[in-house]
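To start, the structure itself, in structure tokens.
The values are calculated or read from the model by the stated rules, or taken from the named source; none is laboratory data. Model, not experiment: these values are computed from the prediction. Glycine also receives a Cβ, built like all others from the backbone with ideal geometry; neighbour counts cover every protein chain displayed. Note: accessible area is taken over every heavy atom of the protein model, side chains too, but ligands, DNA and RNA are not part of it. Shrake-Rupley method; radii C 1.70, N 1.55, O 1.52, S 1.80 Å.
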Amino acid sequence: MLDPKLYSLLEVHETGNFTRAAQKLSLTQPAVSQHIRALEKDYGVRIFERAHSALHVTREGEIIVKYARRMQALEMNLRDELLNEQRQMTSISVGITHTAESNAVPETFARYVDEHEKVSVKITTDTIDNLCAKLHNFELDLAVVEGRVTDPSLHCQLLDTDYLVLAVSPTHPLARRTMVTIEELKKEKLILRSPSSSTRSLFTSTLESRNMRLDDFNVVLELDNIATIKDLIRRDFGVSILARSACMDELRKHKIVVLPIENLTMVREINLVYADDFHHTELLKDLVKAYNETRNQNAMREG
């Protein structure tokens, strides 16, 4: 069982407040304070400091919090595995990006669990950096991300390739074109993903490789909810740069039109990412097979 002092530490770090942490833990505020003081005494460091009436974690405290999260995740994994053993079940924790949330990936896992009666999947959506951190902290077994992860302690298996396109509404004047130029794109109202997204990063880096900047374009809105972006496109509030795989459903239903941009090739990989201690290679093969079947069926429906 995880040391109760570590639960207090994680709640104080999460809430930034001893009183709120105590309320969430159903403890008194002095009890939570005592837990933090005991941890500081055990490790010989300050964990939290107050500055301008706000609580800040120290650098040493961040290290302790990082390992406390790992211990919490390991304990949860232990309990899940024991429960799964009793039920003769297998539980898999998977992290996916916001783009993967809109393409064939969720359907792939639905297909997989439908074909494997004793398997359950828990899916979390987050940024690539956060997903990699959760893999390190044992909070995830597997992640599906766009691009290749540079962390040498994580491994990648290619699932698919994807590319970015200009997405416009069917009533937009550009929808009748087969390709748009960069100069034409500069005149459009752009709705973009947030700077932390890999889609935004690929678009920006591709522009920079051609001696252009994002400031040269008319960016009117930035958000990270792809469903909202597509809804705004359909209602002609602007156009966007999105992964083609994230627009497949709208393409099939003729709700969005996608176009290549002249002289901007933005291709990237979609990878299954896992840590060193992941040994279920048969699962990776099954997922690739399920993904290909899902993609092929969707392509037939699109045709």
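Taken one residue at a time, the phi angles of region 172-185 give Karplus couplings (6.51, -1.76, 1.60, θ = phi - 60°) of 5, x, 6, 5, 8, 8, 9, 6, 10, 8, 5, 5, 5, 5 Hz. Gly and Pro are set to x. Note: relative contact order over region 145-288, using C-alpha pairs below 8 Å and six or more positions apart, is 47 percent. For the chain, the solvent-accessible area of protein heavy atoms averages 55 Å² per residue (probe radius 1.4 Å; ligands and nucleic acids excluded).
Under 5 Å from the amide H of residue 58 lie the amide H atoms of 48, 49, each residue being 5 or more positions distant or on a separate chain, with H modelled from the backbone and absent for Pro and chain starts. Ranking of 250, 115, 107 by solvent-accessible surface, largest first: 115, 107, 250 (1.4 Å probe, protein heavy atoms only, all chains present). How high is the FRET efficiency between residue 255 and residue 60 when r is their beta carbon distance and R₀ equals 45 Å, given to the nearest 0.05? So, using R0 = 45 Å, E works out to roughly 0.30. Extent of the chain along its three principal axes (Cα atoms, max minus min coordinate, largest first): 68, 53, 34 Å. In the complete set of protein chains, residue-level accessible area for residue 136 is approximately 60 Å², probe 1.4 angstrom.
With the charge dipole of the chain set up from +1 on Lys and Arg Cβ and -1 on Asp and Glu Cβ about the Cα centre, the Cα lying farthest toward the positive end among the listed residues 94, 26, 178 is that of 178. Across region 59-74, rounded Karplus estimates of 3J(HN,Hα) from the backbone phi angles (6.51 cos²θ - 1.76 cosθ + 1.60, θ = phi - 60°) give 5, 5, x, 4, 5, 5, 4, 4, 6, 5, 5, 5, 5, 5, 5, 5 Hz, Gly and Pro being marked x. Express as a percent, rounded to the nearest 5, the fraction of DSSP beta bridges in the chain (both residues included) that run antiparallel. Among the beta bridges of the chain, antiparallel pairing accounts for roughly 60 percent.
Calculated on C-alpha atoms, the gyration radius of region 85-197 divided by its Kirkwood radius gives an Rg/Rh of 1.09.
A straight chain from residue 52 to residue 262 at 0.36 nm per residue would run longer than the Cα-Cα distance by 70.4 nm. Taking amide hydrogens as placed 1.01 Å from N in the peptide plane, the amide H of residue 96 sits under 5 Å from those of 124, 125, 126, 144, each at least 5 positions away in sequence or on another chain.
Spin-label pair residue 222-residue 276: with each label point 7 Å from Cα along the Cα-Cβ axis, the two points sit 3.7 nm from one another. Calculate what fraction, in whole %, of the accessible area of region 78-220 sits on carbon and sulfur atoms when a 1.4 Å probe is rolled over the protein chains. Looking at region 78-220 in its full context, I get 48 percent from C and S. Relative to the dominant Cα principal axis of the chain, helix 29-43 is inclined by about 90°.
Ranked by solvent-accessible area (1.4 Å probe, protein heavy atoms only, all chains present), the residues 43, 163, 291, 274 order from largest to smallest as 43, 163, 274, 291. Each Cα pair under 8 Å and six or more residues apart adds its separation to the average, and for region 42-141 the resulting relative contact order is 28 percent.
Entry note, the chain: relative contact order of 21 percent, from Cα contacts under 8 Å with a spacing of 6+ residues.
For region 246-281, the residues whose amide N sits under 19 Å from a probe point set 7 Å from the Cα of residue 236 along the beta carbon direction are 254-259. Give the angle, between 0 and 90 degrees and rounded to the nearest 10, that separates the Cα long axis of helix 4-15 from the longest principal axis of the Cα atoms of the chain. Tilt relative to the chain: about 40 degrees. Placing R0 at 41 angstrom, the Cβ-Cβ distance between residue 177 and residue 79 gives a FRET efficiency of 0.15 after rounding to 0.05.
When the charge dipole of the chain is built from unit charges on Cβ atoms (+1 for Lys and Arg, -1 for Asp and Glu) and taken about the Cα centre, the candidate among 241, 76, 48 whose Cα reaches farthest toward its positive end is 241. Here's the picture: a label point sits 7 Å out from the Cα of residue 210 along the beta-carbon direction, and within region 237-276 the residues with their amide nitrogen under 15 Å of it are 241-242, 259-267.
The smallest convex shape that holds all Cα atoms of region 1-130, its convex hull, gives 138 Å³ per residue.
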